[in-house]
Every structure is written in structure tokens, then in C-alpha cells.
Amino acid sequence: MPYKDIRRCLLSKKVKKTIMRIKKDFVLRDVVGKKAIFCVGIKAIDFRKIITLNESGEWIWNEAQAQGDFTAESLIARACEEFDTTPQEAEAFVTEFLEQLEKEGVIEK
């Protein structure tokens, strides 16, 4: 699982437990063999980006969708169950991914 810098991703318990969800206007689609997040519906007019995902990002997206209301903590725990990774590595990647989705307005708290 790729990650930037584990040291910067040590989340507080409050942040780990913040309940989030993917906004209903965003969907994952296959585009020429690559997975990408698109905005659909009326909000697509204002959202002009396509967010492409690697395999890890796709897994986190699908897990977040399956959970509905999720926390960083719940995604980190599932990543540790599913993959051969340490909690620190999982936390680093999940945190980075969620920060990007939040920056792009894809998730809500």
C-alpha cells in the first residue's frame, strides 16, 4: 500500500472517529480500464474534475461505500484486516486519501 510520510499521519482519536460519508452525487466508473470518480446530476456542472484511483484508492472507495457512514478508524481497521500492512501504513494511506476527497468536496462530515 503506497504512502507518503507515516509520521505526519498520526491522527487524533477525535479525527479518527469523525463520521463521514461519500456524497451521493459522486460515483466510481471504469474508464478505459482505469477507475475514476465522477460527479453526476446537477452538481456535475460545477465539478469539472475527474479523480483517478489506483487499486488502493479503489479499495478504500468501495469499502467506504459499503460502510455508508464511515470513519477513518473503520477504514484503517478494515485495511489491516484485508491487506498485509501495519496500522501506521494503513493510517497514512487512508488519511491521505480522505484528505484529498475532502479537499475535492467528495465526502461530507
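Laboratory data are not the source of any read-out in this text; all were calculated from the coordinates shown. Treat the numbers as computed from the prediction; the structure is a model and nothing was measured. Positions of Cβ are backbone-derived with ideal geometry, glycine not excepted, and every protein chain shown enters the neighbour counts.
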Worksheet item: Which residues, taken from segment 60-76, are touching a residue at least 12 places away in the same chain (Cβ under 8 Å) and more than 14 Å from residue 96 (Cα to Cα)?
Response: 62, 63, 64, 65, 68, 69, 70
Fill in: Filtered residues of segment 60-100 (kept if farther than 24 Å from residue 27 by Cβ, assigned to a helix (DSSP H, G or I) and either aromatic (Phe, Trp, Tyr) or touching a Phe, Trp or Tyr at 6+ places or on another chain (Cβ under 6 Å) (or both))
89, 92
Practice prompt. Go through segment 80-99 residue by residue and tally those that are of a type in the set (Ser, Thr, Tyr) and free of Cβ contacts under 8 Å to residues at least 60 places away in the same chain.
Written response: 1
Discussion item. Being among the aliphatic types (A, V, I, L, M) and surrounded by fewer than 19 Cβ atoms within 10 Å (Cβ to Cβ) is the filter here; which residues of segment 53-94 pass it?
Written reply: 53, 66, 77
